[in-house]
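Inspection log for the structure reproduced underneath, given as C-alpha cells.
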C-alpha cells in the first residue's frame, strides 16, 4: 500500500473484530496499525492462555524501542493461512471504519477514502464514495445537465454509469 498510512489503535479494532496474527502482520506491513498494537494484543492474549507460545511471551514483554516484527511473524506462521482477499477484506473494513471514526484527524476524510480505494485495488463497493468516480446517480445528473443533448452526449454519460460501479 502506497498512499494510506493509518495509526489504528488496538482498542478501536478490538471493539469491532478480532485479529489473527496474520492480520496483524498485514496491518504492520502496510502501516495501518499503531506501533504498540502487537504488544497490546499479546499482553491481552497472554492473560487468557495456559501454555503461551514463546513468541507471545517475548512480544508481550517487548520494550517500546524494539521491533515486534519477528515475534509477530513467528505467531503468524503458527496459524492457518489466510488468502490475500480475506486479509484485505478485513483491513478494508477497518480502514474505512477508522476514517469515519477519526474523521476530525484528517483534513480531508474523503481524500483518505480515495487513497484507501486506490490502495485496496479499486473495490467496486467503495466507488460510490469516491469523488472522482462517476456513479449511477452522478451519471443521471450529467444526462440531465446535457438536457438529453445529442445521442453522443447521452451515450457518453450512460457509459459512465456502469463503468466503475
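The gain in end-to-end length when the residue 62 to residue 103 segment is fully stretched comes to 11.6 nm, 0.36 nm per residue minus the alpha carbon separation. Using a Förster distance of 41 angstrom, determine the FRET efficiency expected from the C-beta separation of residue 44 and residue 131, and round it to 0.05. Rounded to the nearest 0.05, the efficiency is 0.60. In a fully extended conformation the segment linking residue 77 and residue 2 would gain 24.5 nm over its present Cα-Cα distance, using 0.36 nm per residue.
Between residue 70 and residue 14, the modelled labels are 2.7 nm apart [label points 7 Å from Cα along Cα→Cβ].
With Rh defined as the Kirkwood radius, the inverse of the mean 1/r over Cα pairs, the Rg/Rh of region 10-122 is 0.99.
Read-outs throughout are calculated quantities, based only on the coordinates presented, and are distinct from any laboratory measurement. The model shown is predicted, which means the values in this text are computed figures rather than measured ones. A quick note on method: Cβ atoms are made from the backbone with ideal geometry, for glycine too, and the neighbour counts reach across all protein chains shown.
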